[in-house]
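Everything on this sheet refers to the single structure shown next.
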Amino acid sequence: MSINKAINMLVYEIKSTREFQELKRAKDKLSNYESLSREIQSLQDKQIEIVNSKRSSKEKERKMMELNRKFEELSSNPEVSEMIKAGNKFNKMMSNVYKDLGKMLDSEF
């Protein structure tokens, strides 16, 4: 089996998980609130920018704390709160997938 076929199968399986479906529903609900969606996307873009920046660790931490406060303010909105919770569950599931892949590969060495 080619690696691309295996990746496609893995993606198919991930898309069928409860975590993926919940995140998709939450994002779909949130898309009904255009300005809120733009604000969240802006904060997410800033997170990526901070992580990829060449700032000191202390400066990155300070900037991330600011963004987290803004996310917390937005999370008082039920749709945002639902999306954040669903995103956290999905990220945890994906982290477990990565860990399992690593363990399986490490066992071959």
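The values are calculated or read from the model by the stated rules, or taken from the named source; none is laboratory data. Note that the structure is predicted; figures quoted are calculated from it, not measured. Positions of Cβ are generated from backbone atoms using ideal geometry, with glycine treated the same way; all protein chains shown enter the neighbour counts. SASA here: full protein model, heavy atoms, side chains in, ligands and nucleic acids out. Shrake-Rupley method; radii C 1.70, N 1.55, O 1.52, S 1.80 Å.
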| Among the residues of region 53-63, is any touching a residue at least 12 places away in the same chain (Cβ under 8 Å) and either aliphatic (A, V, I, L, M) or in contact with a Cys (Cβ under 8 Å, 6 or more places away or on another chain) (or both)? | no
| helices (runs of 4 or more DSSP H) fully within the chain counting 2 or more residues that are in contact with an Asp or Glu (Cβ under 6 Å, 6 or more places away or on another chain) | 18-30, 78-106
| query | Of the residues that sit in region 45-86 and are among the hydroxyl-bearing types (Ser, Thr, Tyr) and open to solvent by 80 Å² or more (accessible area, probe 1.4 Å), which one is nearest to Arg25 (Cα to Cα)? | reply | Ser76
| note | Listed by first then second residue, the pairs whose first member lies in region 1-12 and is within 14 Å of Leu101 (Cβ to Cβ), whose partner is at pLDDT below 95 and open to solvent by 100 Å² or more (accessible area, probe 1.4 Å), with beta carbons under 9 Å and at least 6 positions apart or on separate chains, are Met9/Met1
| Sole exception among (1) surrounded by fewer than 10 Cβ atoms within 10 Å (Cβ to Cβ); (2) acidic (Asp, Glu); (3) modelled with pLDDT of 95 or more for Glu34, by number | (3)
